[in-house]
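Data first, discussion second: the structure below is written as structure tokens.
The values are calculated or read from the model by the stated rules, or taken from the named source; none is laboratory data. Being a predicted model, the structure only gives us computed values, none of them experimental. Cβ coordinates were reconstructed from backbone atoms using ideal geometry, including for glycine residues, and neighbour counts include every protein chain displayed.
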Amino acid sequence: MKRKSLIAASVLLAGLSAVVAAESPTPSPEKAAEEKAVNLCSTCHGPRGVSTSPEFPHLAGQREPYLVRQIRAFRDHARVDKDAQDFMWGVARQLDEATVDAIARYYAAQSPAPGRADDAALAMKGKELFDRGMPDRAIPPCATCHGQNAEGQGEFPRLAGQHAKYVSKQIRFIQSESRTTAPAHAVVKNLDPDEVKAVAAYVQSR
């Protein structure tokens, strides 16, 4: 009798668990994206996308179309620079299309990191390159694609407030074509190391 009672109780509990599971709502893509951002992405990119490490970019306030394109490139192994392989391939492969779109919306809606000028003189040199380029060396203005205030436009990313160290590293990746992006390569291929540092210092200050 006791054995039958235990079996009946087990069946009842299993049935209740199934009902609870069936009644639990499936998280919306937005909720799932926020959970990913808080529990996974924040490890490198900081709370709400403001990174505390210059090795990893701020995502807060970044252009939504740019974020979608980059996450897909990580997931599909279309972006092959060392950082992409080391940090992002494994993370992005678990994201479906709805989650990719929702993560991009989440970070685009956050308040951007404030600008910080570590070297005002260097930033001023970078501003000249960013605003005007160097036509005599076939270097067009960065502002043409990234906006007058480095705020980004369309699929071109926001650079304003981004860590100078991260920007410098990405420019070097693009120069070496380990990160392939044809429009940017045409712009940065002729920059020397000091000019790279100057542009990076300027956009960080915005």
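Of all residues in segment 1-50 being in a loop (DSSP other than H, G, I, E, B) and more than 20 Å from residue 113 (Cβ to Cβ), which is modelled with the lowest pLDDT? Top of the filtered list is 1. Only one of the numbered conditions (1) under 20 Å from residue 50 (Cβ atoms); (2) exposed (fewer than 15 other Cβ atoms within 10 Å of the Cβ) is not met by residue 176, and that is (1). Can you say whether residue 84 is of a type in the set (A, V, I, L, M, F, W, C), under 16 Å from residue 179 (Cα atoms), in contact (Cβ under 8 Å) with a residue 40 or more places away in the chain and crowded, with 18+ Cβ neighbours inside 10 Å, as far as the supplied structure shows? In short, yes.
A quick yes/no check of all residues on (1) in contact (Cβ under 8 Å) with a residue 24 or more places away in the chain; (2) surrounded by 14 or more Cβ atoms within 10 Å (Cβ to Cβ); (3) over 14 Å from residue 162 (Cα atoms); (4) not assigned by TED's automatic domain parsing to the domain that holds residue 194:
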position	(1), (2), (3), (4)
37	yes, yes, yes, yes
59	yes, yes, no, yes
96	no, no, yes, yes
127	yes, yes, yes, no
130	yes, yes, yes, no
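Scanning segment 189-206 for residues that are surrounded by 14 or more Cβ atoms within 10 Å (Cβ to Cβ) and free of Cβ contacts under 8 Å to residues at least 24 places away in the same chain yields one hit, 189.
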